[in-house]
1. Residue check: is V406 without any contact (Cβ under 8 Å) to a residue 24 or more places away in the chain and among the aliphatic types (A, V, I, L, M)?
2. I'd like the full set of residues that are over 54 Å from the mean Cα position of the chain (by Cα) and farther than 30 Å from S109 by Cβ, limited to the range 59-80.
3. Going through L35, L69 one at a time, which residue ends up being in a helix (DSSP H, G or I) and either farther than 18 Å from R126 by Cα or not acidic (D, E) (or both)?
4. Name every residue in the range 202-231 that is surrounded by 14 or more Cβ atoms within 10 Å (Cβ to Cβ), within 16 Å of H461 (Cα to Cα) and touching a Lys or Arg at 6+ places or on another chain (Cβ under 8 Å), in order of residue number.
5. Looking only at the range 163-196, which residues are farther than 16 Å from G211 by Cβ and aromatic (F, W, Y)?
6. Search the range 86-118 for residues being out of contact with any strand residue (DSSP E or B) (no Cβ under 6 Å at 6 or more places or on another chain), aliphatic (A, V, I, L, M) and part of a loop (DSSP other than H, G, I, E, B), and hand back the single one that is modelled with the highest pLDDT.
7. Residue by residue through the range 385-430, note down the ones that are part of a helix (DSSP H, G or I) and among the polar types (S, T, N, Q).
8. Which condition breaks for F196 when tested against (1) in contact with an Asp or Glu (Cβ under 9 Å, 6 or more places away or on another chain); (2) buried (at least 21 other Cβ atoms within 10 Å of the Cβ); (3) closer than 25 Å to A425 by Cα?
Amino acid sequence: MRVTLAPTSPLVPLGLFREAVLLDLACPDAEAQLLKASASRGFNYRHSWLLLHNASYSPDTVETSLAPLDVLPDADVVWAARDALVDVYKVKPALPVLQTGLGLAPNCSCRQLAALWAALPTAVSRRRDLKNVFLKGVTIITQPQHFRGWSDLHNRQIDTFPKLTYPLMMLAAQDMNFRYQLRQVDLYGVFNNGSFDGMVGLLQRHRAELGLASLFIRPDRMLALDYFAETYVLRSPFIFRQPSRSAVSNVFLLPFSGGVWAASGGVAAVAALLLAALRRAPAPPPARQQLLHLALPDTCTFALGTLCQQGFHITPAVSSVRVVMFSTLMTSLFVFTAYSAKIVAILQTPSNALQTIDDLVRSPMTIGVQETTYKKVYFLESSDVATQQLYRRKIVPQGERAYHSVVAGMARVRTGFFAFLVERASGYDIITKTFTEREKCSLKEIEAFKLPHVAIPMRKHSGYRELFATRLRWQREVGLMDRVRRVWLAARPRCEQPGGGFVSVGIIDVLPALQVLAIGASIAVLLLCAELSVHALRRRTAVCRRR
């Protein structure tokens, strides 16, 4: 601790340590120095004041000398009379000075004084009782039409952080014996024309002492107010159901590796060539007529049909041809059985295709954002390139249609190919109430940006900041704050039945097959038109030749 004389200007911090100020009240300029310290908030937790009064202790003298000063509970001021050491402070600026003797005997030694000072609790520990005074508080309800009281748990996702902070501050009021003169607003506070509106504006203009709602710790707000207790680390990720494999890839190509596909194609090609070669095998006249149908185009059709578990229109009488056909069909059966089983397994298993913001940008998934006061701010302030691309490509084109309530957004997550940026606790609350077990197990989260910490605000240079910070820290240490969090902030629902239940197959799962069918039908129509054109041309040519 550094000991300095009372300055001739407002106190300026000299380093990362507390400072002790020694002032003899008999000095001619002592009263002016006290008024300057009061105006500049020099009576605070950082500075320990020792006021020397060369006379016997008199409560009236202390009251008269300190009445014009704002010596609030954060201040550490001791009145040193000839026969007593007295701790002095005010609960509120307009109230009388509270005087508490520190129990030091007259004519004590320096050793006794040092022992007393070492054993003396801190100023804020000695001043927990605020004598049932009223302190001006301000809270926020952004949707008054849905407000049903501070203990209503039906709509926890609406104004979550005011509802979470309110019981903590009520506990603080009981703990420190004071009451609130409470005011309610519907805006957190936006900087406009040199000042803030809403709750931040009231604290900035000293029309309220402290807030009963948690705010983001932002650099612009820190110029207008102080924070004294963090309440929650807010997470706002994109929540979505991990899409099926068929939504992000061709499910009909996934069952086999490249080597298996090549081997299957090789077996079919060998079978087609072998049958075409056996066309020339010696056979009786009736069998010879059947072998004439084993031209290379026919055998290729047979090989392709075999892979698709289709038969052939003839049953050759030649044993060697039958053996080739039988072996090819048996091989195709084994391959098709494994293929079908793998298709079913793929349809049952979610994919891991979407893992980062870049994956979301490239995917066909629709993006939505929770309707909050900061819905656009942190996208615009983010320095991450992927987040900026996501905002420009997926959100800006939708306009206001991109912003939804928590209930509507999570309903789209449950039923559609949709990713929703939502406060995690609010989203979990809806998921717990409406999602099935399988739907809970398919959930995935991707964090777009880190949100600032959330803390309780207080007006700038308040005389109660350290007192409230100490008592809220005590609430965190004994578990009271964690208990309130568990009441108001839903935890992530557990996946009780991973992989259980039935999976409905939709159009998207068989879309590649429909595309092949459409392409084949289109090619067939084109070939038909070409054949008709060629046929018509030949007839016209034949007629011309006859003439």
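1. Spelling it out, it is not the case that V406 is without any contact (Cβ under 8 Å) to a residue 24 or more places away in the chain and among the aliphatic types (A, V, I, L, M).
2. Hit for the range 59-80 is T64, nothing else.
3. Numbers: L69 fails: in a helix (DSSP H, G or I).
Exactly one of L35, L69 is in a helix (DSSP H, G or I) and either farther than 18 Å from R126 by Cα or not acidic (D, E) (or both), namely L35.
4. Matches in the range 202-231: L202, L203, Q204, A208, E209, L210, A224, L225, D226, F228, A229.
5. The answer is F191, and nothing else.
6. So, considering only residues that are out of contact with any strand residue (DSSP E or B) (no Cβ under 6 Å at 6 or more places or on another chain), aliphatic (A, V, I, L, M) and part of a loop (DSSP other than H, G, I, E, B), the one modelled with the highest pLDDT is L95.
7. Within the range 385-430, T387, Q388, Q389, Q398, T415, S426 qualify.
8. The number of the failed condition is (3).
The values are calculated or read from the model by the stated rules, or taken from the named source; none is laboratory data. This one's a predicted model, so the numbers in the text were calculated from it and none came from an experiment. A quick note on method: Cβ atoms are made from the backbone with ideal geometry, for glycine too, and the neighbour counts reach across all protein chains shown.
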